[in-house]
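Values quoted throughout were computed directly from the atomic coordinates according to the rules given, and no laboratory measurement underlies them. Quick caveat, the model's predicted, so the values are computed rather than measured. Ideal geometry is used to build each Cβ from the backbone, glycine not excepted, and the neighbour counts take in all protein chains shown.
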Amino acid sequence: MGMPPLEKGERQDKDTATTLYDRYASDIFTYTSRRLTNQQDAEDVLLEVFIAVLKTNMLDDLPPEQQLAWLRRVAHHKIVDCYRRQPATTALLPLHKVLETLDTGSTPEREIIQQEDYARLHQALETLPLKQQQVIQLRYSNNLRCKEIAILLHTTEGTVRKLLSRTLRALRAAMVSIGKER
């Protein structure tokens with residue numbers, strides 16, 4: 001039987017979505033894959049972003065940098081939605097994956113110093129209770145705001161802020177203690 005032909009406005013929206021996909025899909029996928037632990041989730045979020053493009057007709061009027069900003073903002077919201085659908089324990093990035101994404105510097109000496117710092121940080125993180133480790137990873141590895149973390153942990157934003165503050169103090173103390181041991 002086949003699909004009915006597209007109306008002129010629908011065809012234009014589809015062309016816009018195709019053009020935007022060709023132009024920005026790799027940027028948006030990189031953005032999502034760095035914030036999600038599962039590649040399939042990153043691909044799903046990418047698809048959801050471009051479905052949102054099909055549902056709006058305002059992107060034609062925006063300059064390219066604003067189009068990309070709009071797409072990234074939608075991706076950010078879709079990533080948050082993805083985390084909301086997951087249990088809090090699966091929202092964590094493995095520590096080795098976090099360490100891989102950090103800048104390693106340009107000189108061998110700096111790289112060695114950073115590796116030692118990362119080892120101390122890793123050791124200090126392991127001394128923290130699981131909930132504090134979660135808050136650190138959600139805030140700094142996954143770049144979530146306190147409000148978003150509160151939603152994931154089913155608590156208030158104020159509680160998350162207090163927990164984050166206490167956790168950072170405990171992490172600093174653990175880092176100092178580990179530094180003195182060496």
(request) Pop a pseudo-label 7 angstrom from the Cα along the beta-carbon direction at both R110 and H77 and give the gap in nm to one decimal. (result) 3.9 nm
(message) Just to be sure I understand the model, the point goes 7 Å from the Cα along the line to the Cβ. What's the resulting E126 to R85 distance in nm?
(response) 3.5 nm
